[in-house]
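Notes for the one structure printed next.
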Amino acid sequence: MTVLNTFFNRRERFIAKLNGKAAVVPAAQLVTHHADCHYPFRQNSDFWYLTGFDEPDAVALFLPYRPKGERFVLFVHPKEPGAEVWNGFRSGIEGAVADFGADIAHPLAELPQRLSDYLIGSEGIVFRVGKHPHVESLVLRLWGEQLDHFQRTGSGALSLEAPCPLLHQLRLLKDGNEVERLRKAIRISAEAHELARKKVRPGMNEREIQSLIEQYFLDAGARGPAYGSIVAGGDNACVLHYTANNSELRDGDLLLIDAGCSLPDYYNGDITRTFPINGRFTPEQRELYEVVLSAQKAAIESVTPGQNAEGVHAVAVRSLVEGLLELGLLKGTIDEVIEKGAYRHLYMHKTGHWLGLDVHDVGAYRLGEYPVDLQSGMVLTVEPGLYISDRLPVPDGQPAIKEEWKGIGIRIEDDVLVTKDGHEVLSGEAKSSVQSMQD
Ligand code: GLY
Ligand code: MN
Ligand code: MN
């Protein structure tokens, strides 16, 4: 199946769900870094999912009420040698049709006068308010015109709906192409983790390890890191979103690395490994590592169709609390500690999230009262951790933390595909056993 077919099939599925409504899905815009410099362009994931078109500012229309051959319309920047000399290649109107399968394409500047006509016959407008300021006022104005039209004629686009329930439900279940691309992103990410563990030595700087990892991503053909790489020695690992990456790596400390690459088509890896910088765990580090590893294994084991993300979290929490009670870092019964949340000064985040075109990928975790069941084709991270520091107060009734435990931050994060019969760990090439952490 060609990649063009993949996007075509996604659009067909999306259009089939629109039920007579027009969808307006805008591309991302360039974002200013400072002065007149921009961050590297990053396409909007919804837009990418449906089009595979990687240029800024474009707008895609999906029009199920039009005849076949007029249902996918792209508004794009036209070819213009002057602009292309400065900012690079544009597909233009012809390319949008020939290379991206648009039924019809127009210059972006014509969106304001053409959109009104394209909405004729729609029963509603599907558009995400609050995210696309460059298109929003136009869509809202035309929706108002549709309401006036309804007043006069009894037909028109009455509703304005978010695309999330439709589109994000599709994105949550990965198709074959997506699983293949995720495998690749995750494999490269895992290889970079293996490399980092082999190269690390006391006295290096966190930044040197960041550089090794990110160079590996680029050499392997990735776009770069999927998110700010976290390379956190010792106590820095207790800061969950630590990205300064500028401290010396000290003999006797652990190193936590949370890093993954993003491919040119935006699929991401998200892996965390934690290991001793000098190759030997201290007794305290090893005991805590084993607690996190057991919790992670139990949580991964529980991933199967019919389970849900909250259930996976509950398995991890129970196992962590059990281990912490044995080590004397908590006291009470397992149920009492969980009930009171008296472990949250040591484990304060959830155990995972969906993974896909976004690192924290779209899709509901809960529909009202009901947690969303895991289904074959979903991909989630499983990433329990423990963070032993003075930053949060010890809850009433829990033991003060002894000095020998402080400054130990551990997370182990894998990427897991839900399969028909259970799960497959996609990031297993990055080893996590106690023994491999000491190789
Ligand atoms: N690296 C972001 C996360 O693990 O969620
Ligand atoms: Mn994650
Ligand atoms: Mn991560």
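Helical content alone sets the calculated 222 nm signal of the chain at -11000 deg cm²/dmol, taking -39,500 (n - 2.57) per DSSP H segment of four or more residues and averaging over every residue.
Cross-link reach is defined here as a Cα-Cα straight distance under 20 Å, omitting same-chain residues fewer than 8 places apart; for K406 the lysines meeting it are K331. With distances taken between every two different alpha-carbon atoms, the stretch 329-439 has a Kirkwood hydrodynamic radius of 16.7 Å. How high is the relative contact order of the stretch 44-165? Use alpha-carbon pairs under 8 Å, at least six apart in sequence, and give a whole percent. After rounding, I find 20 percent. Restricting the stretch 396-438 to trypsin sites (Lys or Arg not before Pro) that sit in a DSSP loop and have at most 11 other Cβ atoms within 10 Å of their own Cβ leaves K402, K420. Loop-located trypsin sites (Lys or Arg not before Pro) in the stretch 304-385 (DSSP state other than H, G, I, E, B) with a sparse environment of at most 14 neighbouring Cβ atoms within 10 Å: K331, R344. Estimated at 0.36 nm per residue, the fully extended path between R201 and L327 surpasses their Cα-Cα distance by 42.4 nm. Enumerate the lysines that K21 could reach by cross-link, defined here as Cα to Cα under 21 Å, with residues fewer than 8 away along the same chain left out. Within the straight-line cut-off, K21 pairs with K68, K131. For K17, the aspartates and glutamates whose Cα comes closer than 18 Å to its Cα, not counting residues fewer than 8 places off in the same chain, are D46, E70, E123, E161, D175. Among E84, E404, E123, the largest mean-square fluctuation in a Gaussian network model of the chain (Cα springs under 10 Å) belongs to E84. Comparing G341, G363, G407 in a Gaussian network model of the chain, where Cα atoms under 10 Å apart are tied by springs, the biggest mean-square fluctuation is seen for G341. When you filter the trypsin sites (Lys or Arg not before Pro) in the stretch 1-72 for DSSP loop state and at most 14 other Cβ atoms inside 10 Å of their Cβ, you are left with K68. In the elastic network of the chain, a GNM with C-alpha springs shorter than 10 Å, the most mobile of E403, E208, E413 is E403. Put the Cα centre of the stretch 97-141 next to the Cα centre of the stretch 257-288 and the gap is 43 Å.
Every read-out reported here was derived from the displayed coordinates using simple, explicitly stated rules and does not represent laboratory data. Since the structure is predicted, the reported quantities are computational estimates derived from the model, not experimental observations. So basically every Cβ, Gly included, is an ideal-geometry build from the backbone, and we count neighbours across all protein chains shown.
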